[in-house]
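Please read the structure below before turning to the comments.
Nothing in this text is a laboratory measurement; each read-out follows from the coordinates by a stated rule. Predicted model, so just to flag it, every value in this text is computed and none were measured. Glycine gets a Cβ as well: all are built from the backbone with ideal geometry, and neighbour counts include every protein chain shown.
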Amino acid sequence: MVVKVSKKKVTVKGITISYKKIDNNEFISLTDISRYKNRSEPKYVVKNWIRSKETINFLGVWEKLNNPDF
């Protein structure tokens with residue numbers, strides 16, 4: 001199996017956001033995006049987002065659609 005990875009960055013509203021392309025899938029850095037709200041402690045933005053009711057519901061639906069063993 002050959003995995004092709006390329007790392008890139010884009011600047012949006014003064015914040016540099018990293019993203020990776022692995023094969024044909026792109027992944028963005030949530031930590032980099034959260035720096036828009038809190039430059040010094042972006043982990044708190046991610047922590048609050050990941051435990052919100054809406055996010056948990058979204059992840060549950062995503063798993064049901066994309067993970068047959070869920």
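Per-residue ellipticity at 222 nm for the chain, helices alone: DSSP H runs ≥ 4 residues times -39500 (n - 2.57), over residue total, nearest 500 deg cm²/dmol? The partial results should precede the final answer.
Numbers: 3 runs with 28 residues, N = 70.
Only helices count here, giving -11500 deg cm²/dmol.
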Give the aspartates and glutamates reachable from LYS9 as a straight Cα distance under 19 Å; neighbours fewer than 8 places away on the same chain don't count. ASP23, GLU26, ASP32
Just THR16, THR31, THR55 to compare: in a GNM of the chain, with alpha carbon springs under 10 Å, which one fluctuates most? THR55
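Give, as a single signed number, the net charge of other residues whose beta carbon lies under 15 Å from the beta carbon of PRO42, with Lys and Arg counted +1 and Asp and Glu -1.
Working: positive: LYS13, ARG35, LYS37, ARG39, LYS43, LYS47; negative: ASP32, GLU41.
Its environment carries a net charge of +4.
Write out the chymotrypsin sites (Phe, Trp or Tyr not before Pro) in the stretch 8-46 meeting two conditions: DSSP loop, and at most 16 other Cβ atoms within 10 Å of their Cβ. Walk me through the intermediate numbers first.
Numbers: sites: TYR19, PHE27, TYR36, TYR44; in loops: TYR36.
Counting only loop positions with at most 16 other Cβ atoms within 10 Å, the chymotrypsin sites (Phe, Trp or Tyr not before Pro) in the stretch 8-46 are TYR36.
Calculate the dipole size of the stretch 5-66 relative to its Cα centre from +1 charges on Lys and Arg beta carbons and -1 charges on Asp and Glu beta carbons; express the result in debye to the nearest 20. It would help to have the intermediate numbers written out before the result.
Values: 14 positive and 6 negative charges, 55 e Å.
Roughly 260 debye for the stretch 5-66.
Over 25 Å between Cα atoms: which of LYS8/LYS64; LYS8/LYS37; LYS43/LYS64; LYS20/LYS47 fall into that group?
Working: LYS8/LYS64 31 Å; LYS8/LYS37 22 Å; LYS43/LYS64 27 Å; LYS20/LYS47 22 Å.
Checking Cα-Cα distances, LYS8/LYS64; LYS43/LYS64 exceed 25 Å.
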Please report the net charge: other residues with Cβ closer than 12 Å to the Cβ of PHE27, K and R +1, D and E -1. +1
The chain: trypsin sites (Lys or Arg not before Pro) falling in loop per DSSP and having at most 11 other Cβ within 10 Å: LYS4, LYS13, ARG39, ARG51
